[in-house]
Structure formats: C-alpha cells, structure tokens
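What follows is a single structure, written as structure tokens, with notes after it.
The values are calculated or read from the model by the stated rules, or taken from the named source; none is laboratory data. These numbers were taken from a predicted model, which means no experiment stands behind them. Heads up, the Cβs are rebuilt from the backbone with ideal geometry, glycines too, and the neighbour counts pull from every protein chain shown. Keep in mind that these areas ignore ligands, DNA and RNA; they rest on the heavy atoms of the full protein, side chains included. Shrake-Rupley method; radii C 1.70, N 1.55, O 1.52, S 1.80 Å.
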Amino acid sequence: MTTTLNINGKDVRVDADESTPILWALRDTLGMTGTKFGCGAALCGACTVHMNGAAIRSCVTPISAAVGQKITTIEALETDRVGKAVHQAWVKADVAQCGYCQSGQIMSATALLKANKKPSDADIDAAMAGNICRCGTYARVRIAIKDAARTLA
C-alpha cells in the first residue's frame, strides 16, 4: 500500500503497510537515519519526531496516523530557528557523549522551546522525562535548553 506523508515540508510516498511505525518508514523506506531506534516501546525517546510541532514517539506511531499531518525529523532542524539554537546550545554545552539518544533529546527540547519560551527547571524535567540518556547527560541537557532559550529571547 502506498501512503503519502508530509515529511520535513515535502510530500513523500511510502510503500508500506499502514500499520508500519513512522520510524521504519523514515529509516528503511526513506533512508532518513537521523531518527534512532531505541526501545521500540515509546519508553526511551530515541525515536522522537514532531507531528504538527508536538514531540511524538515514531516507534509506536503508525504511518496511518501521520496521513495529512506534518512530520518533522532531526534532518530538518538545521533550517528551523529554534532547532538551530538548540543544536548550537547542545554543542556549546558539550551535551553528547555516546550521542545515540541525542536526536530524540534535541527534538523534545525543540518542541518544548516552541511551546514554552522560558521553561522552568520543572518544565524542562517534565518535557524531557521521556528521553532516556544512558550516559546521564541530564544536567548538560538542562544547561543547553536554558542557553537556547536565552539565545531565542
């Protein structure tokens, strides 16, 4: 079955069963490997993408749910003002260690800052709670989000 999805502002055709998770359509069908597979159960956040600006877990969201919606992946954030500020703050704060969870972390942080321009520590903790980092870079994630918020003010 062919499904048309809007990915990073472009309509693309995906030849897959409509129950296929968005993650696998991105990675296997479209060759977009910036979005990572972590747990496959929406528990770790490595697969985070945006659907209409909200952070979602692409490993459990079927492509049928994305029809008519706007999906944004990590590949598009370099052209997004907020995403670019988050990425630059990430580098400045030296957040990444192994880096595996970072695309999902950056997507969640970007969704947070688009919805809340001055997040408190509690706001950051709540927004980032679904993104697990095995390296334990949570303190640096918070520093980077606050730095990006200041840059965007």
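A few remarks follow.
- Scanning region 94-112 for residues that are under 12 Å from Val49 (Cα atoms) and of a type in the set (Val, Ile, Thr) returns Ile106, Thr110.
- Strands (runs of 3 or more DSSP E) wholly inside region 1-113 that include at least 2 residues being open to solvent by 70 Å² or more (accessible area, probe 1.4 Å) and in contact (Cβ under 8 Å) with a residue 24 or more places away in the chain: none
- Applying the set (1) closer than 21 Å to Leu23 by Cα; (2) free of Cβ contacts under 8 Å to residues at least 60 places away in the same chain; (3) among the basic types (Lys, Arg) to Arg150 leaves exactly one unmet item: (1).
- Residues being assigned to a helix (DSSP H, G or I) and within 25 Å of Ile71 (Cα to Cα) - total across region 114-126: 6
- Given (1) at pLDDT 95 or above; (2) within 10 Å of the chain's Cα centre (by Cα), number of the condition Leu77 does not satisfy: (1)
- Scanning region 127-153 for residues that are within 21 Å of Thr72 (Cβ to Cβ) and assigned to a helix (DSSP H, G or I) yields Ala127, Met128, Val141, Ala144, Ile145, Ala148, Ala149, Thr151, Leu152.
- Unmet requirement for Thr137, which otherwise passes all of (1) in contact with a Cys (Cβ under 8 Å, 6 or more places away or on another chain); (2) touching a residue at least 40 places away in the same chain (Cβ under 8 Å): (1)
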